[in-house]
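Colleague: My structure is below; once you've seen it, I'll send some questions.
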Amino acid sequence: MLVQFNPDARRILAADITQDVVETAAINLGGKIEERHSRAISGLSPEEKAEALRSSLTEALASWEGLPPVAVGVSVPGPVTDAGVVTLAPAVGWYDFPLGSKLADCCPGPIIVENDVNLIAYGEFFCGAIPEANSLLAIGVFQGVGAGIVEHGRLWRGQGGAAGQFGRMLMDVNGLREDRKGFGQVERRLGETALRDRAVEASVLFSDDASADALFDQVERGEPRAAALFSEAMDEYAFQLVNLCAIVAPEVIVFDGLFGRWSHLVIPALSERLHENVLHEPILSPSGLQGDAKLVGAALYALDAAGGILELA
């Protein structure tokens, strides 16, 4: 007898929190987003942001039709321990923050809290543009900068869930003496906000309200000062990526966030710099999930933690 997998038999609830927004989504068993909602949280305190996340999950469940979700996956911008403690998430002001316990009773079924770029890597490995890669490294460039590593379908979390903290790598010895509680040295120089600030300092942009996207737009239009800053930033990113490739040797590197949006500029620049500087050149690719990787990854990772599809049989 022939049978066919029905991805719409059940759904998974996923959520992603950033410095400005909480987004929730209902996702089927195949990783397809069926409905989504967002809530602005800019200006709220760290505790208020946690409560907004909890409320968003509760409201999503209140509108739920049919069976309860198989599992709930939550994406956060920082490393997370096995106990659900967010160790360091300066974008939302959480330090050793017990988010898992704060969410534990708001939803039926298991609730999994995980680092956002880890989940990007997980989502891209299973549903992205380049399937069946043996090893995948995801780079997320947001206000912070992070990396996620998946090999043979398994997320590499490291001690305390802190593997892949790309933004906390050092660019020079001065980083040994800088503040350890905020953003790391790489993200203080190469995150979205940092690139915008560098563009303002270099008189490439002339307003504090400008964005890193405005910088890349000028690069695309051939503005010389923007092109010089872009080249400098690509040198700095390539320097870090060569070191990462020497350790991880990924088959694929996927870019999300700012670099995903501007991959047509970023990938050729980084590919040129990586060439002959790494033993095995990885495939460089923009996110195949185009901004949805955190939510899809959260859903699939939560499903796996709940026992996978076979548990539903």
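Colleague: From the set of residues in region 1-46 that are assigned to a loop (DSSP other than H, G, I, E, B) and of a type in the set (Lys, Arg), which is modelled with the highest pLDDT?
Modeller: Lys32
Colleague: When the residues of region 45-58 are narrowed to those that are touching a residue at least 24 places away in the same chain (Cβ under 8 Å) and not aliphatic (A, V, I, L, M), which ends up surrounded by the fewest Cβ atoms within 10 Å (Cβ to Cβ)?
Modeller: We begin by selecting, within region 45-58, every residue touching a residue at least 24 places away in the same chain (Cβ under 8 Å); these are 45-46, 49-50, 52-54, 56-58.
Now drop any that are not not aliphatic (A, V, I, L, M), which leaves 45-46, 49, 54, 56, 58.
On the way: Ser45: 11, Pro46: 14, Lys49: 24, Arg54: 19, Ser56: 21, Thr58: 13.
Selected residue: Ser45.
Colleague: I'd like to verify a number: residues in region 170-197 that are part of a loop (DSSP other than H, G, I, E, B), open to solvent by less than 50 Å² (accessible area, probe 1.4 Å) and either more than 20 Å from Gly291 (Cα to Cα) or hydroxyl-bearing (Ser, Thr, Tyr) (or both), how many?
Modeller: 4
Colleague: Could you give every pair whose Cβ atoms fall below 6 Å, whose first residue belongs to region 258-274 and is among the small types (Gly, Ala, Ser), and whose second residue is not in a helix (DSSP H, G or I), counting only separations of at least 6 or pairs across chains?
Modeller: That search, which allows pairs on different chains as well, returns Gly260/Pro286; Gly260/Ser287; Ser263/Phe255; Ser263/Pro286; Ser271/Leu284.
Colleague: Which of (1) under 21 Å from the mean Cα position of the chain (by Cα); (2) open to solvent by 10 Å² or more (accessible area, probe 1.4 Å); (3) closer than 29 Å to Gly128 by Cβ; (4) not aromatic (Phe, Trp, Tyr) is the odd one out, the single condition Ser42 does not satisfy?
Modeller: So Ser42 meets the others, but not (3).
Colleague: Between a residue in region 207-226 that is of a type in the set (A, V, I, L, M) and any residue that is surrounded by fewer than 14 Cβ atoms within 10 Å (Cβ to Cβ) and assigned to a loop (DSSP other than H, G, I, E, B), which pairs come within a Cβ distance under 9 Å, given they are 6 or more apart or on different chains?
Modeller: Ala214/Ser207
Colleague: Filter region 85-127 for residues that are in contact with a strand residue (DSSP E or B) (Cβ under 7 Å, 6 or more places away or on another chain), closer than 16 Å to Asp304 by Cβ and open to solvent by less than 20 Å² (accessible area, probe 1.4 Å) and give the result.
Modeller: Answer for region 85-127, where residues must be in contact with a strand residue (DSSP E or B) (Cβ under 7 Å, 6 or more places away or on another chain), closer than 16 Å to Asp304 by Cβ and open to solvent by less than 20 Å² (accessible area, probe 1.4 Å): Val113, Glu114, Asn115, Asn118, Leu119, Ile120, Ala121, Tyr122, Glu124.
Colleague: Since Phe125 meets every condition but one in (1) closer than 26 Å to Arg54 by Cα; (2) assigned to a helix (DSSP H, G or I), which condition does it not meet?
Modeller: Just one mismatch for Phe125, condition (1).
The values are calculated or read from the model by the stated rules, or taken from the named source; none is laboratory data. The model shown is predicted, which means the values in this text are computed figures rather than measured ones. Neighbour counts run over all protein chains shown; Cβ positions are idealised from the backbone, glycine included. Surface accessibility is based on the protein's heavy atoms, side chains included, excluding ligands, DNA and RNA. Shrake-Rupley method; radii C 1.70, N 1.55, O 1.52, S 1.80 Å.
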